[in-house]
1. Give me the Kirkwood hydrodynamic radius of segment 277-371 in Å, from all C-alpha pairs, to one decimal place?
2. Across segment 201-214, in residue order, what do the Karplus-derived ³J(HN,Hα) couplings come to in whole Hz, using 6.51 cos²θ - 1.76 cosθ + 1.60 with θ = phi - 60° and x for Gly and Pro?
3. Counting every Cα pair in segment 173-219, what percent are over 17 Å apart?
4. Quick one: length gained pulling residue 293 to residue 152 fully straight, 0.36 nm per residue minus the C-alpha distance?
5. Mind scanning 367/486; 173/322; 185/439 and naming the pairs with a C-alpha gap bigger than 30 Å?
6. With respect to the cross-link table entries 41/297; 80/122; 51/233; 57/329, which display a Cα-Cα separation exceeding 19 Å?
7. Taking the mean number of other Cβ atoms within 10 Å as a proxy for protection, how do you rank 78-88, 349-359 from highest to lowest?
8. Any idea what log10 I(q)/I(0) is at q = 0.15 Å⁻¹ for segment 94-143, Debye with uniform C-alpha scatterers and no solvent?
Amino acid sequence: MRGKWFAFGCLTSIIILIATLVLVFHSASNYMNRHSTEKKKLVSDTWLVLKLENEIKEFNELSDDFWGKKQSSAHNYIQKINQAAHDKNITGIILQPEYFSCGYATLDGIMAALQNFRDQGKSVFAYVNSTTNRGYYLTTVANRIYLNPSASAGILLTGVGGHILYYEQLLNKLGIDMQVIHAGKYKAAGEQFNRSDMSPEFRENLSSLYSDIYSQMISTIAANRNLTEAEVKAVYEDRNDIWLNGEAALKAGLVDELVIYKNFLERLKPGFTEQDEVTRLSINSYELNTLPIALNKIAVLYAEGSIMAQAEPALNVITAQKTSKLLQKIKDNPKIKAVVIRVNSPGGSALESELILNAVRDLQLTKPVVVSMGDVAASGGYYIACSADQIFADPMTITGSIGVVAMFPNLTSMGEKIGVNANTVKFGRYSDFLNPWEKPDPNELAAMQRSIMQVYDEFKSHVANGRDLTLNEVEDIAQGRVWSSKQALQNGLIDAVGSLDDAVKKAAELASVTGYQVEYYPEPSSLMDYFLKEYFDIEMAASIISGKVEQLDILNELQRLKAIQQQPRQAYCPVELN
């Protein structure tokens, strides 16, 4: 026994030593980063370079990673572009889209900021080596678009669509029978586990949704490029070549000139070169100014990610505990006169959604609450939004999906194949409920269906009260159906199609304030500061030390699967755009 305690003590000492060394190194690294370079002084006629690559989150709760590298986001880009619009030293922005991923509503936010920049009499010029739908969609806001003339460069315009993998046949071969219980005939979450193909209802719903978003994309590109919608549609549907490059892109009106990058810079300013780091500055290095404290504030709370309980770490996910804490902080601040909740979530736990909705309603007792919808605000994402005083959605938002689903596996066939036999001793009718190694009891499934319907009825009741609709009217637009923002406006799920800025202005109007400052929540912090402030988790620390921080998105997916195990009743929407 003494030896075990000695070993445990040694292990604990080693862990503490490693943690101490990590903290010392991190502190020294951050100190050197802060003091090794001074803030770069801008000179007149500076051009900002906005290069888009990898994944672009709408909002990032981390200001920098473990090594002190600053983390960017669409929110961060938009703030900088808006500041640059009134910065006398900034002449223009060079937009360079590479291969990146983000939602179209997120792109609309960046595009609106770039348009505002142009409205101040400044220029946006886009240079394209190779990009796809999202990159080209964004570049259309530019004054001019330049394309690399190489045959290996070009634009890949594919359209709007999405695919879902169906696993029923695979699961059958493995002996896994996934039980999926729906409330709402269009509620498709989970059907990929108990079907081998898309249900007719889901296909009908997706076709309607994608058709509307496709039309919106065509319309935006046509308007920005001074083309007819028929001309843009022909590019997407009638061309023979996959890649649009060289003269083909020029002839179609997609770009204004074919030129190598060196000559492109010369066109912006004679003598301008890639090596010019004085008047050519990455937007990541452009510093935001500290604003004076205003008497009146409008809070913008970003609620982004899946909705789940007990998420560790609670980064880029929505939990009732985290959201309620932030809402309470906002409520207690007398300078904050109104609140905008920016919802970008496909949903998740029905219970967590209910708890968050209660916190939102509590806040509404003292302050106006407006919701601004991002890329997706569906299922649980709509649940937490439905009681807001006003709801805005971006033109490319996916919303609705008012329905509930429960999923749990049955492994009895697998047990027979691999020689696993379940033997149960139980006291209490439901003591063996959801045991995957026992065949599901029809009575238990019926009870689960009743429970799902109760949650569904509660969901619809919240929507009816929040949107001033009858339950019959809600049922007509519910049943798990997803909607585009245009469709959601027509059926009363939202009040207006507009941007986050539009939502902020409406919140100020409801609060009867004119001069105000926007304050954003949650306040970004460094990765290390986040874990030190919230808790110190040895397992996560080991992940940080071993360089696996970039896998947080994968961890989030695993968290969602774990959340389904803990709370089978989910208000979740599986739809996204490719």
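Just so you know, all these numbers are worked out from the coordinates, no wet-lab data involved. The structure displayed is predicted, hence computed values, not measured ones. Don't worry about glycine lacking a Cβ; one is built from the backbone with ideal geometry, like all the others, and counts go over all protein chains shown.
1. 15.2
2. 5, 5, 5, 4, 5, 5, 4, 5, 5, 5, 4, 5, 5, 4
3. The answer is 47 percent, as a whole percent.
4. 45.6 nm
5. From the list (367/486; 173/322; 185/439), the Cα-Cα distance tops 30 Å for 173/322.
6. 41/297; 51/233; 57/329, as the Cα separations exceed 19 Å there.
7. Answer by packing, highest mean first, reads 349-359, 78-88.
8. The Cα Debye sum returns log10 ratios of -0.36.
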